[in-house]
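To start, the structure under review is shown below, and the notes come after it.
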Amino acid sequence: QSLRNPTRHQKRSLSATIYKSNKTMNRIDKLFESKTKDILSIYFTAGYPQLDDTTTVIKELEENGVDLIEIGIPFSDPMADGAVIQASANHALKNGMSLKVLFQQLINIRQDVSIPLVMMGYLNPIMQFGFENFCIHAQRCGIDGIIIPDLPYDQYIKEYKHIADAHGLHMIMLITPETSDERIRMIDKNSGGFIYMVSSASVTGARNTFGDDNLRYFERINAMSLRNPRLIGFG
């Protein structure tokens, strides 16, 4: 049967077939199999402080014991980010950083770096680049997962999941203290790599302690016995 105009079901089946035929174990899955606690994931903004510092930062982080790196895609309106990341994103954009430049920088990164790499950014620049084109380039560079904080879950399921799956990329979804148990279980069933637990309803930024509400949230999620491991971010 011709797949020139495939249905959504055919797209998903085809994507799964392509992924299985090329599948090697994702580096994120390998990490969580070998290490069950004290996992350190570091976010940095690509193209900061200088445009060509991206690969240098990645190599330095790995050499200094980081387990997983979130490569931040700078955006002009980082609505979930605090002052530090906003400033670094603006600086990187002024340096000339773009997705095209970033993928050019990352094309040979796997010659030097073996830990999991995740690209993290807002939907707008990824849409402008083209989501499938983005996934093709990410797979080519050896990226293991994608975090898009403003991608709605329902839209992910309908339009994006089969594309990410076809390229062996874990789509990592965020939950917050306000996310219902039902929604969390849906996310757990339909995403991979790990679940990104936003520590509180606030923007990114450092803090010294977690309060009782935070701890109750962490304990509630642990008690759910989810399929995916979790990492805590935003603070």
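With r as the distance between the Cβ atoms of residue 37 and residue 189 and R0 = 25 Å, compute the FRET efficiency 1/(1 + (r/R0)^6) and round to 0.05.
For R0 = 25 Å, the calculated efficiency reads 0.55.
From the Cα gyration tensor of region 27-164, with a ≥ b ≥ c the square roots of its eigenvalues, which class applies: rounded if a/c is under 1.5, or else prolate if a/b is larger than b/c, or else oblate?
rounded
Would you calculate the separation in nanometres between label points at residue 63 and residue 219, each defined as 7 Å from the Cα along the Cα-to-beta-carbon direction?
4.3
Based on the Kirkwood radius over alpha-carbon pairs, what is the Stokes-Einstein translational diffusion coefficient of region 130-177 at 4 °C with 1.567 mPa s viscosity, in µm²/s?
Roughly 117 µm²/s, to the nearest whole number.
Which shape class, rounded, prolate or oblate, goes with region 97-235 when its Cα gyration tensor gives a ≥ b ≥ c as root eigenvalues, a/c under 1.5 marks rounded, and past that a/b bigger than b/c marks prolate?
Prolate, because a/c is 1.5 or more and a/b exceeds b/c.
Take the residue pairs 94/158; 35/100; 37/189; 59/94; 94/161; 59/189 and return only those whose Cα atoms are more than 26 Å apart.
Over 26 Å Cα-Cα: 94/158; 35/100; 94/161; 59/189.
Just so you know, all these numbers are worked out from the coordinates, no wet-lab data involved. Since this is a predicted model, take the numbers as computed values, not measurements. Cβ: placed from backbone, ideal geometry, glycine included. Neighbour counts: every protein chain shown.
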